[in-house]
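Scroll down for the structure; my scribbles are underneath it.
The values are calculated or read from the model by the stated rules, or taken from the named source; none is laboratory data. Quick caveat, the model's predicted, so the values are computed rather than measured. Note that each Cβ is placed from the backbone with ideal geometry, even for glycine, and that neighbours are counted across all protein chains shown.
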Amino acid sequence: MNLNVVMVEPEIPQNTGNIARTCAITGAKLHLVHPLGFKIDEKSIKRAGLDYWDKVEIEEHNSLEEFLEKYKPEKHNMFFATTKGKTKYTDIDYSNMEEVFVLYGKETKGLPEGLLEKYLDKKTIRIPMLPTLRSLNLSNSVAIITYEILRQHDFEDLQQISYYFDK
């Protein structure tokens with residue numbers, strides 16, 4: 001299965017570093033949609049991603065429009081993660097999808113309103129949370145949804161038993 005994590009205009013380097021590490025360890029491809037709120041070579045982003053940077057496939061896009069032109073939502077299994085989503089992320093059956101794209105917006109504003117309005121009824125997903133607080137940390141949201149998609153694929157290609165204590 002090909003899982004694509006798409007970060008649209010991320011602003012906080014530590015979040016992106018953590019997300020890159022999640023992508024590396026799960027085999028997901030990371031898409032970075034510019035403009036970024038940091039330089040990709042900043043110490044803070046490198047530190048958050050530890051020594052996993054050479055193990056993650058990254059594709060950069062100059063703009064959201066460029067990304068959507070290349071990967072059309074109507075032709076791909078594409079979902080938009082948002083607190084305004086109409087469907088719980090667990091209510092989607094990803095198990096029969098060979099390729100999945102999940103888009104996440106910038107930390108301060110989320111995904112563009114126009115994009116969400118266009119796909120609100122069919123392609124927006126949300127993580128349930130208390131209504132009195134704004135949202136989860138972005139890197140936590142990516143991890144939660146990523147692992148649900150992988151769980152539905154029975155963690156295909158991932159190590160499922162620990163060899164750490166084996167001698």
Exercise for the section: State whether the residues of the stretch 59-66 include one that is at pLDDT 95 or above, surrounded by 14 or more Cβ atoms within 10 Å (Cβ to Cβ) and either aromatic (Phe, Trp, Tyr) or out of contact with any Pro (no Cβ under 8 Å at 6 or more places or on another chain) (or both). Expected result: yes
Exercise for the section: Answer yes or no: is there a residue in the stretch 88-102 that is under 20 Å from LYS29 (Cβ atoms), touching a helix residue (DSSP H, G or I) at 6+ places or on another chain (Cβ under 8 Å) and part of a helix (DSSP H, G or I). Expected result: yes
Exercise for the section: Starting from the stretch 66-77, keep only residues that are over 18 Å from HIS34 (Cα atoms), then list their pairs with residues that are crowded, with 17+ Cβ neighbours inside 10 Å and of a type in the set (Ser, Thr, Tyr) whose Cβ atoms are within a distance under 8 Å, requiring at least 6 positions of separation or different chains. Expected result: PRO73/TYR119; ASN77/TYR94
Exercise for the section: Only one of these is in contact with a Ser or Thr (Cβ under 7 Å, 6 or more places away or on another chain), crowded, with 19+ Cβ neighbours inside 10 Å and among the aliphatic types (A, V, I, L, M): ILE125, ILE145. Name it. Expected result: ILE125
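If I filter the stretch 85-94 for residues that are among the charged types (D, E, K, R), surrounded by 13 or more Cβ atoms within 10 Å (Cβ to Cβ), touching a Gly at 6+ places or on another chain (Cβ under 9 Å) and at pLDDT below 95, do I get at least one hit? Steps first, please.
Filtering the stretch 85-94 for residues among the charged types (D, E, K, R) gives 86, 88, 91, 93.
Now narrow it down to the ones that are surrounded by 13 or more Cβ atoms within 10 Å (Cβ to Cβ): 86.
With touching a Gly at 6+ places or on another chain (Cβ under 9 Å) added as a condition, the list becomes none.
Scanning the stretch 85-94 turns up no residue that is among the charged types (D, E, K, R), surrounded by 13 or more Cβ atoms within 10 Å (Cβ to Cβ), touching a Gly at 6+ places or on another chain (Cβ under 9 Å) and at pLDDT below 95.
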Fill in the blank from the handout: All conditions in (1) over 15 Å from VAL142 (Cα atoms); (2) out of contact with any helix residue (DSSP H, G or I) (no Cβ under 7 Å at 6 or more places or on another chain) are true of PRO73 except (2)
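Can you give me the number of residues within the stretch 3-34 that are among the small types (Gly, Ala, Ser) and surrounded by fewer than 20 Cβ atoms within 10 Å (Cβ to Cβ)?
Of all residues in the stretch 3-34, those among the small types (Gly, Ala, Ser) come to 17, 20, 24, 27-28.
After this cut, where a residue has to be surrounded by fewer than 20 Cβ atoms within 10 Å (Cβ to Cβ) as well, the list is 27.
Residues flagged as among the small types (Gly, Ala, Ser) and surrounded by fewer than 20 Cβ atoms within 10 Å (Cβ to Cβ) within the stretch 3-34 amount to 1.
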Exercise for the section: Could you check, for the stretch 93-101, whether at least one of its residues is out of contact with any Pro (no Cβ under 6 Å at 6 or more places or on another chain) and under 14 Å from MET7 (Cβ atoms)? Expected result: yes
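Residue-wise test of (1) aromatic (Phe, Trp, Tyr); (2) without any contact (Cβ under 8 Å) to a residue 40 or more places away in the chain; (3) over 26 Å from GLU59 (Cα atoms).
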position: PHE79; (1), (2), (3): yes, no, no
position: THR87; (1), (2), (3): no, yes, yes
position: THR108; (1), (2), (3): no, no, no
position: ILE145; (1), (2), (3): no, no, no
position: ARG151; (1), (2), (3): no, yes, no
Problem - Of residues in the stretch 12-35 being outside any helix (DSSP H, G or I) and hydrophobic (A, V, I, L, M, F, W, C), the one nearest to TRP53 (Cα to Cα) - result: LEU30
Handout entry: Cross-chain or 6+ apart pairs with Cβ under 7 Å, the stretch 49-65 first and under 22 Å from LEU103 (Cβ atoms), then at pLDDT 80 or above and of a type in the set (Phe, Trp, Tyr)
Key = HIS61/PHE67
Problem - The lone exception for TYR104 - which of (1) under 15 Å from the mean Cα position of the chain (by Cα); (2) loosely packed, with under 15 Cβ neighbours inside 10 Å it fails - result: (2)
